[in-house]
Amino acid sequence: MRKVMEYRSHETRYRLEKVGRIASMLHMDVLLLIYHFAKFGAGNVLEIGPYIGGSTIAAAFGARESGSLKKIISIEIGGRLKHFRIPSRNIIKDLKKNLARFGVLEDVTLINGPSFDEKTSSAVRQTLGSGEVGLFIFDADDNVRRDLDCYGDLLAHGCWLVIDDYFGPEPKAAPLRAQVDELVSAGRLIPFGYYGWGTWIGQWQRK
Ligand SMILES: C[S@@+](CC[C@H](N)C(=O)[O-])C[C@H]1O[C@@H](n2cnc3c(N)ncnc32)[C@H](O)[C@@H]1O
């Protein structure tokens, strides 16, 4: 929290504010933490549910400023969404447009498909190996457990996890919270804190 407060009056916040306004549903504190983990955490980034790119751009800025080469893999099913502030009639098209606008299109490997699809998971595995992910961002549907069952072996011990909609009015919050709490009880996730409007942040424990 101290770091988040420092960032709030740092130039990073002004950069990410523009990103948030144009391309993210996430709270500024969460974008700052994604940036921070991508910059200072070890390993690559795996994201599920970028929508039109806000979280992805925050991660790409952090990864670029980390001083080491990091892969960013982002999985988006695509389609359209009537969001009150940032609607999209073509999510993949707008996602690519925003990544290009903020100069990070080349830094991100986009996979267009559902996270649970066999084709998607084999595309991810062509790029990432076991224990290579240091930041896992999940901001998709109501089933983070399904994707952790599928991609958990790629996550390093201590990998940071950003899971949105742990709290909030969205119908997906209750099932997500139950899954996260169960994984915490089972010792697979270690909670770090709750940020923004309902984002859970914690770390992965390998078996
Ligand atoms: C809440 S939005 C993500 C918001 C984004 N992270 C941001 O910074 O504003 C959720 C996105 O996840 C996508 N999505 C939902 N379920 C998915 C799945 N199983 N695989 C891939 N993408 C999915 C949706 O199409 C949507 O674009």
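Some points to look at:
- The sole residue among Ile57, Ile75, Ile52 that is buried (at least 17 other Cβ atoms within 10 Å of the Cβ), within 9 Å of the ligand (Cβ to nearest atom) and assigned to a loop (DSSP other than H, G, I, E, B) is Ile52.
- Pairs are defined by a Cβ separation below 6 Å, a sequence spacing of at least 6 or placement on different chains, a first member in the stretch 58-86 that is under 17 Å from Thr127 (Cα atoms) and small (Gly, Ala, Ser), and a second member that is more than 9 Å from the ligand (Cβ to nearest atom) and part of a helix (DSSP H, G or I); the pairs so defined are Ala60/Asp107; Ala63/Ala38.
- Residues being among the hydroxyl-bearing types (Ser, Thr, Tyr), in a loop (DSSP other than H, G, I, E, B) and surrounded by fewer than 24 Cβ atoms within 10 Å (Cβ to Cβ) - total across the stretch 6-49: 1
- Count - residues of the stretch 78-92 that are surrounded by 12 or more Cβ atoms within 10 Å (Cβ to Cβ) and either touching a helix residue (DSSP H, G or I) at 6+ places or on another chain (Cβ under 6 Å) or part of a helix (DSSP H, G or I) (or both): 4
Coordinate-derived values only; no laboratory data. Note that the structure is predicted; figures quoted are calculated from it, not measured. Cβ sites come from the backbone with ideal geometry, for glycine too, and all protein chains shown count toward neighbours.
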